[in-house]
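Report on the following structure.
The values are calculated or read from the model by the stated rules, or taken from the named source; none is laboratory data. For clarity, every value in this text was computed on a predicted model and none was experimentally measured. Positions of Cβ are backbone-derived with ideal geometry, glycine not excepted, and every protein chain shown enters the neighbour counts.
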């Protein structure tokens, strides 16, 4: 496992102003980075021979309603060579963020999930479309301001029977 201070030194040496904060979270390194450098930083973490974070474990969004920018993107990476993990965080708003699906294929579906649930646009994504909800669905269900009661919550639910459809 690589020492966290060495990871932070390598990141700071290469990306100086783009590394906004570093810390240890549950004894694992965590870095908060500038949104515009996210693609370059994640590429570096994967391709650097000493680091080799070759696996994207998770990619998800957090709605920090009231903060500006509103959304936090979290990337959890693992090095199968060094048996270590690192968490990278960045902030974005409705203008979106660069895709990392060209770095890890697994990001394709994870970014589509964040798009569908939060409305976060991933620039240069090869197939950015909804994954859980219908194409004509309005809104983003995991945003904190999403109306959980719905537009017609005051009307009783009446199921359509198979005989009525025909």
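Quick notes on this one:
- Identity of the residue in the stretch 1-27, in contact (Cβ under 8 Å) with a residue 40 or more places away in the chain and surrounded by 15 or more Cβ atoms within 10 Å (Cβ to Cβ), that ends up nearest to the chain's Cα centre (by Cα): 7
- Of all residues in the stretch 119-146, those that are on the phi > 0 side of the Ramachandran plot and surrounded by fewer than 14 Cβ atoms within 10 Å (Cβ to Cβ) have Cβ atoms under 8 Å from Cβ atoms of residues that are outside any loop (DSSP other than H, G, I, E, B) and at pLDDT 90 or above, 6 or more apart or on another chain, in 124/98.
- Under the condition of being more than 20 Å from residue 45 (Cα to Cα) and surrounded by fewer than 16 Cβ atoms within 10 Å (Cβ to Cβ), the residues counted in the stretch 98-118 number 1.
- Residue count, the stretch 86-97 (criterion: surrounded by fewer than 20 Cβ atoms within 10 Å (Cβ to Cβ) and either in contact with a helix residue (DSSP H, G or I) (Cβ under 7 Å, 6 or more places away or on another chain) or closer than 29 Å to residue 27 by Cβ (or both)): 3
- Candidate set from the stretch 54-111 (those that are without any contact (Cβ under 8 Å) to a residue 40 or more places away in the chain and in a strand (DSSP E or B)); member that is farthest from the chain's Cα centre (by Cα): 78
- Residue in the stretch 33-42 that is assigned to a strand (DSSP E or B) and crowded, with 18+ Cβ neighbours inside 10 Å present: yes
- Failed condition for residue 164, given (1) at pLDDT 95 or above; (2) outside any loop (DSSP other than H, G, I, E, B); (3) out of contact with any strand residue (DSSP E or B) (no Cβ under 8 Å at 6 or more places or on another chain): (1)
- Positions within the stretch 61-85 being surrounded by fewer than 19 Cβ atoms within 10 Å (Cβ to Cβ) and under 16 Å from residue 98 (Cβ atoms), in sequence order: 69, 72, 74
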